[in-house]
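Below is one structure, written out as structure tokens; the observations come after it.
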Amino acid sequence: MDDMRDDTLLVAALLDEGGPSPRVTAAGRQGLLELTRTAGRTPAHQDEHQHERRAGRRAGRRNGWLRGRRPLGLGLGLVAAAAAAAVAVATVGQGDPGGPGDAPSAEESARMTLMAAADRVERQPQGRYWYNHQRVSLPLRALGRDGGYVVEERNETFEVIGRTKGDGHTFYGRDIAARPQTRADEAAWRAAGSPSSWKVESSGVTRTLTSSNERWVKDDDGKGGTFNIGGIGWYTYEELQNLPTDPRALRKELCEGTIKHEPGVAEQLKERGVTRSPKKGGCATPAQALGLVFSVLRDTPVPPKVRAALMRLATDLPGVTRLPRATDPLGRTAVGLAADLSADPTGEVTREEVLFAPGTGQLLGARSVLVKPGRNDERWQTPGRTTHYWAIVASGWTDTMPKPPAAVR
């Protein structure tokens, strides 16, 4: 009951901060997509809870950006899973490379590639502005007499955060062209006359997707100097540099204690009688720990040594499979890590994958692949179908203010 009260007051404080904006609505969408499945919660309840916890500094809705979403196994519940990786690696060896004369297995080769990539991550330069260009896709069934096939709803965000306060914080968002998901879906779409728009339904809401790209919508925060690790807290650039690389200390920072709110939100919560907001993410399973690594690497410019440490932790985490050869959602060559995630009480099982560039260790993205449909899944949700993907189009540091690309690539 106390937790529910704290959550309610937290939302009230966030709602007081203003109306909708592209950054806020994208944060809400991200929360809905990222939600880790929790036993005893229906998808609708999960969506509501995650939106409350993930809204950031404000809360709001903009038609077309904040909509009902199917919960994603990789995600914010994952974010707070920092420690699972740390504890497991602290107690387990470095894998099973085989005897001295044995050729390395494909999985061990993947491990060596990931470890080498982690070494290169440690040497990546930093600059004045951190930018992050992301693309998210959610498959939905086209409705109507000529429907039945699956189309991807897609959107992009482009965020620029100055390293120090005063360097600015700018956020852009846009919906981009929907499209059939698989070759079979494309064939069915062509057979239906190649329509340029589709009626779809998600979380009880029916809407229209189109095959056109929208313009970027800009939300200029104007401050900069702080970075958000979802469900964990807001950090200055200097605080990010001081994050621990020791597994046990990193676990404590990311999984224990209370959320580190920005001063304005913390003050409003205090006025409402909330003095602490415990971190509520899961830290128990390999999929949660892997998702945590993805979320931290995706959303914040943690320093190279911390990024490298997170990659090494995830690579040797018991229960995580190494993928020696993969292709990311944008067609890029990748190596990866994967773990199964079970959704109680529906019985659904998905394989959660995190993908890296083999040459540089750069994070490329993540996806959920259906392994076993749950009793609430629809007929088109079959094993092998990608149920969600999150691609990092580009991310890094620069000394000049970057702008989002006009074209969709």
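Bear in mind that the values in this text are calculations on the coordinates, not laboratory data. Please read these numbers as outputs of a predicted model, since none were measured by experiment. Cβ: placed from backbone, ideal geometry, glycine included. Neighbour counts: every protein chain shown.
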(request) For ARG179 and MET401, compute 0.36 nm times the residue count separating them, minus their Cα-Cα distance, and round to one decimal in nm. (result) 76.7 nm
(request) Using a/c under 1.5 as the rounded threshold, could you call region 232-275 rounded, prolate or oblate? The axes a ≥ b ≥ c are square roots of the C-alpha gyration tensor eigenvalues, and prolate needs a/b larger than b/c, oblate otherwise. (result) oblate
(request) Please work out the FRET efficiency for the pair GLN241 and ALA191, using the Cβ-Cβ distance as r and a Förster radius of 45 Å; give the result to the nearest 0.05. (result) 0.20
(request) Compute the signed sum of charges (Lys and Arg +1, Asp and Glu -1) over the other residues within less than 13 Å, Cβ to Cβ, of GLU186. (result) +1
(request) Have a look at region 256-388 and give its Rg and Dmax from the Cα atoms, expressed in angstrom. (result) 17.7, 53
(message) Along the Cα→Cβ direction, 7 angstrom out, place labels at THR333 and ASN376. What is the inter-label distance in nm?
(response) 4.1
(message) At 0.36 nm per residue, and after removing the present C-alpha to C-alpha distance, how many nm does the segment from GLN126 to GLU271 gain when stretched out fully?
(response) 48.3 nm
(request) Using a/c under 1.5 as the rounded threshold, could you call region 137-225 rounded, prolate or oblate? The axes a ≥ b ≥ c are square roots of the C-alpha gyration tensor eigenvalues, and prolate needs a/b larger than b/c, oblate otherwise. (result) prolate
